[in-house]
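The values are calculated or read from the model by the stated rules, or taken from the named source; none is laboratory data. This one's a predicted model, so the numbers in the text were calculated from it and none came from an experiment. We place every Cβ from the backbone using ideal geometry, glycine too, and count neighbours over all the protein chains shown. Please note that ligands, DNA and RNA were not included when accessible areas were found on the heavy atoms of the full protein model with its side chains. Shrake-Rupley method; radii C 1.70, N 1.55, O 1.52, S 1.80 Å.
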Amino acid sequence: MCGIVGLFAKTRSVEDSLGKLLSDMLVIMSDRGPDSAGVAVYKKSNGNKIKVTLQSEEPSDGFPKLNSYLSKQKNLKTQLKINSTHAVLELSEKNSNLIINDLKKHFPKIRLMSTGSNIEIYKEVGAPESVVERFNIRKMRGSHGIGHTRMATESAVTTLGAHPFSTGKDQCLVHNGSLSNHNTLRRELQKKNISFETENDTEVAASYLTNKMSTGADLGQALDLALKDLDGFYTFVVGTEKGFGVLRDPIACKPAVLAETDQYVAFGSEYRALASLPYIEKAKVWEPEPATVYFWEHNK
Amino acid sequence: MTVLDLKSLSLRHVNSALQNASSETSWVLENPMGKHAVAAGLRESLKVDIKGSVGYYCGGMNKNADVVVHGSVGPGVAENMMSGSIYVKGNASQYAGASAHGGTLVIEGNSSSRCGISMKGIDIIVQGNVGHMSAFMAQAGNLVVCGNAGEALGDSIYEANIYILGEVKSLGADCIEKQMTEKHKKLLTKLLAIAKIKNLSSKDFRRYGSARSLYNFKIDNTY
């Protein structure tokens, strides 16, 4: 079992309260996944910057060292915006690529959570409520967001094993289910020089989609290809710079409920997660069809 | 009539009150908020109105009670029901009426995959569509669908009757179309009346059931 929630804002007022609404949805899904939790929140960076979200197991040591490296070695004015075990760095695209390469060399204990013009990912081991509190997610604004509560089946309970997984700029994936051909797929992707951080099946699915999208497919096409190539049980919610998509496997054992109003599109593993949303009683509520791709994108 | 608010009372408290209620009493449950196992395990002939949408296993194991859900239901509504009725004003998720031995389940909207899986005597009337693998391994009872049925309808069905008005995407193993006799038309007319469906006629439905070719092991079945 695992819990998934997603919220896509259509109005300014939902954008302003995105963090609060998403957090409340996530915490209700605690009993579907009590061992770790995470969210991806999408909010445009200031001035076409790239946001680099980082994680450290020793934030009080690692992040100050990285800050001084940025200012002294790289002459950058930008400093980390530290949020508990995570930190966000806003850089130009060129600098972000340089710094990400330097991290691997000089700061192996600092992990890259996500990179992109909109995305920030926060995930940790622990009960969903404690993860929400730790990162103060309720205060966050955003155009859309995805959350996940994990009950681990395929790999260890670690920060990196928590969802969302991000394997490409502004992309992320959360998953309820388990894939049965992820080892084969991982080997195939490794042959294309794609590296992996974990033994987790969802990371393979995320890399698969990123790989398809980097070779010309749009989100809808990549999800259609996934239906053919991924074997196992899954309900996926995929985030991109502009919006999110939903896909269930053809057997569709893993639950999913969608709700749409003039103000938002919401996804929940169960209706419970949606029950406290504003005007839910007037929303169109339905169960997404198996093997059918759904997605919503912002035009702006 | 007693009103219980699930926002202020625990589910255990509410279910315990219903399970120990004396027969012929009426109950209203407010603010179900998608909670699981609402009104499960009822034994007496109660009237229960649930004002909103519920989660998993609503009305599970019901005996005698008549439950109306003024909203949608999650997976496993009326699972293992023995008698009584559950009436859903909205849609139902997966495996509605799973394994149920008796009683009536009416769904005004659609019911998703595996509706009536392993049904053992329940009558299920769905006014909308049903998803894939409905009536999977069904053993007894009737599944009436006024809309369309998804893939692999009645897969590995033992017995039970399936009545479909709309289209069937595909039939599962050992499920075949069967003749609609007067006896079946009469029964279907009764079931439509129970669900208060007035604008449809039993003669427009098609009946499906078991070819009974999987009953015995045949060496020829190897592949």
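Annotations for the structure displayed:
- With a requirement of 1 or more residues that are within 21 Å of A:R32 (Cβ to Cβ), touching a Phe, Trp or Tyr at 6+ places or on another chain (Cβ under 7 Å) and open to solvent by less than 40 Å² (accessible area, probe 1.4 Å), the strands (runs of 3 or more DSSP E) lying completely within region A:132-200 that satisfy it span A:144-150, A:171-179.
- Hey, A:Y208 of a type in the set (F, W, Y) and in a helix (DSSP H, G or I) or not: yes
Every residue, every condition in (1) modelled with pLDDT of 95 or more; (2) over 26 Å from A:T158 (Cβ atoms), yes or no:
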| residue | (1), (2) |
| --- | --- |
| A:L21 | yes, yes |
| A:A40 | yes, no |
| A:G47 | no, yes |
| A:T85 | yes, no |
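- Top-ranked residue of region A:264-291 - restricted to ones that are open to solvent by 50 Å² or more (accessible area, probe 1.4 Å) and more than 10 Å from chain B (Cβ to nearest Cβ), ranked as nearest to A:G19 (Cα to Cα): A:Y279
- Check on A:D31, open to solvent by 60 Å² or more (accessible area, probe 1.4 Å) and assigned by TED's automatic domain parsing to the domain that holds A:S155: yes
- Qualifying residues in region B:187-223 (those that are without any contact (Cβ under 8 Å) to a residue 12 or more places away in the chain, under 24 Å from B:G109 (Cα atoms) and outside any loop (DSSP other than H, G, I, E, B)) - the one least open to solvent (accessible area, probe 1.4 Å): B:A193
- Scanning region A:110-120 for residues that are of a type in the set (V, I, T), open to solvent by 20 Å² or more (accessible area, probe 1.4 Å) and more than 17 Å from A:E57 (Cβ to Cβ) turns up at least one hit.
- From the list A:N48, A:N83, the lone residue that is out of contact with any Gly (no Cβ under 9 Å at 6 or more places or on another chain) and open to solvent by 40 Å² or more (accessible area, probe 1.4 Å) is A:N48.
- Residues satisfying the stated conditions in region A:143-195, i.e. of a type in the set (V, I, T) and without any contact (Cβ under 8 Å) to a residue 12 or more places away in the chain: A:T184
- Per-region count, region B:110-127, residues open to solvent by 10 Å² or more (accessible area, probe 1.4 Å) and either out of contact with any Ser or Thr (no Cβ under 7 Å at 6 or more places or on another chain) or in contact (Cβ under 8 Å) with a residue 40 or more places away in the chain (or both): 5
- Condition check for B:V144: within 14 Å of another protein chain (Cβ to nearest Cβ) and of a type outside the set (S, T, Y): no
- A:G245 vs. criteria open to solvent by less than 40 Å² (accessible area, probe 1.4 Å), away from every other protein chain (no Cβ under 14 Å), touching a helix residue (DSSP H, G or I) at 6+ places or on another chain (Cβ under 6 Å) and modelled with pLDDT under 95: yes
- Checked against (1) touching a Leu at 6+ places or on another chain (Cβ under 9 Å); (2) farther than 18 Å from B:A100 by Cα; (3) within 14 Å of another protein chain (Cβ to nearest Cβ), B:S26 passes all but a single condition, namely (3).
- Entirely in region B:1-108, the strands (runs of 3 or more DSSP E) that have 3 or more residues that are surrounded by 16 or more Cβ atoms within 10 Å (Cβ to Cβ): B:26-30, B:47-51, B:66-69, B:85-88, B:104-107
- Restricting A:E241, A:E281 to residues that are among the charged types (D, E, K, R) and either outside the structural domain of A:D24 (by TED's automatic domain parsing) or free of Cβ contacts under 8 Å to residues at least 24 places away in the same chain (or both) narrows the list to A:E281.
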